[in-house]
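The values are calculated or read from the model by the stated rules, or taken from the named source; none is laboratory data. All values reported here derive from a predicted model rather than from experimental measurement. Note: ideal-geometry Cβ built from the backbone for every residue, glycine included; neighbour counts use all protein chains shown. Accessible surface areas use protein heavy atoms only, side chains included; no ligands, DNA or RNA. Shrake-Rupley method; radii C 1.70, N 1.55, O 1.52, S 1.80 Å.
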Amino acid sequence: MPERVNKIAIIGAGAVGATIAYAAMIRGVAKQIAIYDINRAKVDAEVLDLNHGLQFVPMATLEGSDDIGVCAGADVVVITAGAKQKPGQTRLELAGANVELCRKLVPQLLKVAPEALLLVVTNPVDVLTYVVQKLSGLPTRRVFGSGTVLDSSRFRFLLARHLNVAVQNVHAFIAGEHGDSEIPLWSSATVGALPLMQWSVPGRARLTEEDRTHIFDNVRNAAYHIIQGKGATNYAIGLATAQILEAVLHDEQRVLPVSSRMEGYLGINDVCLSVPSIVNRGGVEAVLEVPLSDSEREGLKRSADTIRQSIRTLGF
Ligand code: NAD
């Protein structure tokens, strides 16, 4: 049997879409990468530039077009197209325009790539994941969002730097909305096998309540700072999405805080948000019921209410 050829289709050749393609290409995530954008000049230029780097990465083919047909037969479609935050704007404020984009896009995608999993990155990602799942009618496991994978990597980076340990040894999740109502899961965070809340290592910084507040504020406000400085965030979301794609296409069973539809998770229903979940070739295989403190549980419910309210306002 010939080896199965994995194909990723990326919708949107903007800062995020092009960087996802770049990260996926460097990591050899898929043999075929396609990018679709309504801006022909932009997609052609990005794909040409990426193609000029092919010699230096694992073998793959890259094509781009303003014709959705370029996505035909994709195993995963990554949606990055749409409006982005202007300095000071919240993610939820983008919802209306990006919902309209999805209304047009989703039926076209179902036609050209009927077998694909749909991975939403466009903001507000939790709201749009819900909307795309509803519009597509696909099983909930096949439609998910990048959620708080990025926020969790920001969280781990800041904790690792504060404690002076390798970021790979920090296991800590941000859950809920990818946005202002997100919450840090302090009670389940670990460094190596040591619960973070018991961290006390001679010669290393302690983690005071003030430190924790400061670290979480930095996580929550990271995008605002970056957008203020350079107009977009792209590198970390590119790498985060490449890892999600790897988890899917390489059937890794990886635990990632992707956004998916909750049905009875701690009493939370009918809303998309992020909790640690097992991701494999089929999409979101399972959501993990991690132990939560009372305030984390309340925070997650509040976050769910915030997202649900936005979904209802949009008529879904
Ligand atoms: P960008 O403006 O650089 O790119 C958007 C691209 O979408 C443009 O090239 C535009 O031509 C294209 N586009 C618009 N409508 C389209 C359509 N109907 N079909 C195909 N292409 C279309 O924006 P960006 O910086 O790449 O950000 C894209 C989105 O990703 C934003 O919503 C942003 O908020 C979001 N984002 C999400 C995360 C996350 O963690 N989920 C992180 C960063 C950015």
Q) To the nearest 10 degrees, how steep is helix 149-163 against the longest Cα principal axis of the chain, on a 0 to 90 scale? A) 40 degrees
Q: Any chance you could give the angle, 0 to 90 degrees and rounded to 10, that helix 294-313 forms with the longest Cα principal axis of the chain?
A: 30 degrees
Q. Rounded to the nearest whole Å², what accessible area per residue is found for region 266-306 with the 1.4 Å probe?
A. 41 Å²
Q) Relative contact order of the chain: what whole-number percent is it, with Cα pairs under 8 angstrom and at least 6 residues apart? A) 18 percent
Q. Counting other Cβ atoms within 10 Å of each Cβ, which trypsin sites (Lys or Arg not before Pro) in region 1-80 have at most 12 and sit in a DSSP loop?
A. Arg4
Q) Expressed as an acute angle from 0 to 90° and rounded to the nearest 10, what is the orientation of the C-alpha long axis of helix 235-249 relative to the principal long axis of the chain? A) 70 degrees
Q | region 1-74, accessible area per residue, ligands and nucleic acids excluded (1.4 Å, Å²) | A | 50 Å²
Q: Could you check how much of the accessible area of region 1-145 is carbon and sulfur, as a whole percent, using a 1.4 Å probe?
A: 56 percent
Q. So which of Lys42/Lys104; Lys111/Lys134; Lys7/Lys84; Lys104/Lys134 end up more than 24 Å apart, counting from Cα to Cα?
A. Lys7/Lys84
Q.
Rounded to the nearest 5, what % of DSSP beta bridges with both residues in the chain are antiparallel?
A. 50 percent
Q.
Using the Karplus curve 6.51 cos²θ - 1.76 cosθ + 1.60 with θ = phi - 60°, what ³J(HN,Hα) values do you get for each residue of region 255-266, in whole Hz, with x for Gly and Pro?
A. 8, 9, x, 7, 8, 8, 6, 8, 10, x, 6, 6
Q.
Students sometimes get this wrong: rank Ile33, Ile278 by accessible area, probe 1.4 Å, all chains present, largest first.
A. Ile278, Ile33
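Stokes-Einstein diffusion coefficient for region 89-164 at 25 °C in a medium of 0.890 mPa s, Rh from the Kirkwood formula over Cα pairs: what value in µm²/s?
Translational D for this selection: 179 µm²/s.
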Q. If you build a Gaussian network model of the chain, linking Cα atoms that sit under 10 Å apart, which residue out of Glu209, Glu289, Glu177 swings the most?
A. Glu209
Q: Could you please state how large a percent of the accessible area of region 194-316 is carbon and sulfur, counting protein chains only and using a 1.4 Å probe?
A: 50 percent
(Q) If the reach is capped at under 19 angstrom between alpha carbons, list the aspartates and glutamates near Lys301, excluding any in the same chain fewer than eight residues apart. (A) Asp126, Asp151, Glu177, Asp180, Glu182, Glu263, Asp270, Glu289
Q | Probe 1.4 Å, protein heavy atoms only - accessible area per residue of region 105-154 in square angstrom | A | 28 Å²
Q) Which part of region 135-160 falls in the paramagnetic zone of Phe316, meaning amide N under 16 Å from the point 7 Å along Cα-to-beta-carbon? A) 135-148
Q: Counting helices only, and only those DSSP H runs with n ≥ 4, report the 222 nm mean residue ellipticity of the chain as the sum of -39,500 (n - 2.57) divided by its residues, in deg cm²/dmol to the nearest 500.
A: -13500 deg cm²/dmol
Q) If you take the square roots of the eigenvalues of the alpha-carbon gyration tensor of region 42-124 and sort them as a ≥ b ≥ c, do you get rounded (a/c under 1.5), prolate (a/b over b/c) or oblate? A) oblate
Q) Taking N as the number of residues in the chain, what value does Rg over Cα atoms divided by 2.2 N^0.38 Å take? A) 0.98
